[in-house]
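Peer 1: For reference, the structure I am asking about is given below.
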Amino acid sequence: MEAGLPAEPQMTLRRTEPAPAIGIVHLGLGAFFRAHGAIYIEEAMAASGGDWGILGVSLQRPDIRDALQPQDGLYTALELGPQGETARIVTSVTGVLVAPENPQAVLDAMADPGVRIVSLTVTEKGYCHEPATGRLDASHPDITHDLTNPLPRSAIGFLVRALDRRRLAGLPPFTVLTCDNLPGNGHLLRGLALDFACRVDPVLARWIEAEVRFPATMVDRIVPATTPEVIARVATLTGLADRAPVQHEPFRQWVVEDSFVDGHRPDLAAVGVELVADVTAHENMKLRMLNGTHSALAYLGYLAGHETIADTVADPVFARIVSNLWTREIIPAITAPTGVNLHSYADRLLERYRNPGIRHRTWQIAMDGSQKLPQRILGTLAENLVAGRESPGLILAVAAWMRYVGGLDERGQPIDVRDPMSARLRAAHASHDTLEGLVAALLGFREIFPEALSHALAPKITTAYKALISKGARRTIEELT
Ligand code: CS2
């Protein structure tokens, strides 16, 4: 505790200025959006005005609403730089609705004429799609529910039902701004919304097709989950009792396709957001270079006993594999966005990973691997295969994921595997006695692995898996690099 600061924070966060009028409804008010989009939007309002207050929606649990409501939506963003930390209060979120408590209130908010953008961070699994193909999973329980029930549960259901309300009321649609780490995220979401709408009412589907904009975006900032230590640290730093602060690295980037309904959007360009005609190159670079190596380090690092990404890359063996992944396997398979040097981008990523202020747990990143592998790792692997380029590091990362989802680490300790497919993945482990059989069974999950890729990779993944079992992750990497 620093001198002069109270031992117990005395003051609650309260708004002293009027809240901005709501122009955005955000689905999935997690830490990432509060540490990224909400800050950009606050700065855009400060720079150029506009009614772009954000009404958050939690699609599952009430905890963020319960924490933010007594604070008038305010919260602290704690920036953790290598040289120290700074705190700021974010004011752009004006309230939070909890969808399962009152889905009607969420639809009402989305149908309000003042709302011009509905943004989303619902994570990969929130799209209720098949990761390998990008198609709507019409058998997903939330989708089957939403197709026959006017009060939805899923993000797709809310978007389509709310757009229908606006159409019937003769209002312009809102822009749908997805901020999740999915390839061609705007295009993907548009396809899912159109598929859902077609099953409800083809006239609605045609209206969405003609009138709604789904700009694709690339979002980037490392935001580890908020921990009790962060809450305590914020109280010490600011003297305020904040129940829902966020922590983040200094770096941030947002690249957005400039395609909004009637051009209505906050002045994002004024605060460093890159507005472009096509975000594909940025998105590929970020998903494959950052998220791809994040996942590789998460599985390999976790198995080797490393708790965070910074701990993992502090080990020279892991720093070497991540550099090799970039230079030999990932960079050759991507096209750089105009003006970007991919090798400098990689150097910057390693610096960000090394930031000792950021304790980003390998376990957190390892979550939901079945939803992440295709766009982070398998796309690069498939392209390398076609180009005749070896991918030993990416293959090892897939093998590490396979071992991880078996639920036991290298010391035989149980792993708390969080994944929508975890039960099926674990069952595959339980029902195979040979490594060949197990690898073949896991490669047979068509939601994740396309058939041709499974076929081509099976022998190499089996060899990598065997090495992980006999030598452990660290030694396997040491021999590989
Ligand atoms: C991470 C991302 O948890 C994960 O899967 O890879 O959240 C990553 O930190 C962000 O995409 C960085 O922008």
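Peer 1: In the range 290-307, which residues are within 12 Å of the ligand (Cβ to nearest atom) and in contact with a strand residue (DSSP E or B) (Cβ under 9 Å, 6 or more places away or on another chain)?
Peer 2: Selection gives 290, 298.
Peer 1: Name the residue, out of 142, 180, that is free of Cβ contacts under 8 Å to residues at least 60 places away in the same chain and of a type in the set (Asp, Glu).
Peer 2: Going through 142, 180 in turn, the sole match is 142.
Peer 1: Okay, next question. Out of (1) at pLDDT 95 or above; (2) within 15 Å of the ligand (Cβ to nearest atom), what's the single condition that is false for residue 341?
Peer 2: (2)
Peer 1: What number of residues in the range 167-192 are of a type in the set (A, V, I, L, M), in contact with a Phe, Trp or Tyr (Cβ under 8 Å, 6 or more places away or on another chain) and surrounded by fewer than 23 Cβ atoms within 10 Å (Cβ to Cβ)?
Peer 2: Residues that pass the stated criteria total 1.
Peer 1: Go through the range 121-139 residue by residue and tally those that are in a loop (DSSP other than H, G, I, E, B) and touching an Asp or Glu at 6+ places or on another chain (Cβ under 9 Å).
Peer 2: 11
Peer 1: Taking residue 341, is it surrounded by fewer than 18 Cβ atoms within 10 Å (Cβ to Cβ) and more than 30 Å from residue 434 (Cβ to Cβ)?
Peer 2: When the stated conditions are applied, residue 341 passes them.
Peer 1: Go through (1) touching a strand residue (DSSP E or B) at 6+ places or on another chain (Cβ under 6 Å); (2) charged (D, E, K, R); (3) farther than 28 Å from residue 364 by Cβ one by one and return the number of the condition residue 112 breaks.
Peer 2: Single failed check for residue 112: (1).
Peer 1: I'm checking my understanding of the structure. Among residues of the range 6-60 that are closer than 17 Å to residue 97 by Cβ and within 16 Å of the ligand (Cβ to nearest atom), which one is farthest from the chain's Cα centre (by Cα)?
Peer 2: Going through the qualifying residues, I end up with 38.
Peer 1: When you scan the range 210-250, how many residues do you find that are farther than 30 Å from residue 11 by Cα, within 16 Å of the ligand (Cβ to nearest atom) and not acidic (Asp, Glu)?
Peer 2: 4
Residues are listed down the side, and each one gets a yes or a no for (1) assigned to a loop (DSSP other than H, G, I, E, B); (2) of a type outside the set (Asp, Glu); (3) modelled with pLDDT of 95 or more:
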residue: 381; (1), (2), (3): no, yes, yes
residue: 399; (1), (2), (3): no, yes, yes
residue: 402; (1), (2), (3): no, yes, yes
residue: 418; (1), (2), (3): yes, yes, yes
residue: 423; (1), (2), (3): no, yes, yes
residue: 456; (1), (2), (3): no, yes, yes
residue: 459; (1), (2), (3): no, yes, yes
residue: 468; (1), (2), (3): no, yes, yes
residue: 479; (1), (2), (3): no, no, yes
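Peer 1: Hey, any hits in the range 58-66 for a residue that's in contact with a helix residue (DSSP H, G or I) (Cβ under 8 Å, 6 or more places away or on another chain), assigned by TED's automatic domain parsing to the domain that holds residue 227 and surrounded by 14 or more Cβ atoms within 10 Å (Cβ to Cβ)?
Peer 2: Yes, the conditions are met somewhere in the range 58-66.
Peer 1: Considering only the range 61-115, how many residues are among the acidic types (Asp, Glu), within 25 Å of residue 171 (Cβ to Cβ) and part of a helix (DSSP H, G or I)?
Peer 2: Final tally of qualifying residues: 1.
Peer 1: Any idea which residue in the range 273-289 is surrounded by the most Cβ atoms within 10 Å (Cβ to Cβ), counting only those that are of a type in the set (Asp, Glu) and away from the ligand (no atom under 14 Å from the Cβ)?
Peer 2: Taking the candidates together, the pick is 274.
The values are calculated or read from the model by the stated rules, or taken from the named source; none is laboratory data. For clarity, every value in this text was computed on a predicted model and none was experimentally measured. Don't worry about glycine lacking a Cβ; one is built from the backbone with ideal geometry, like all the others, and counts go over all protein chains shown.
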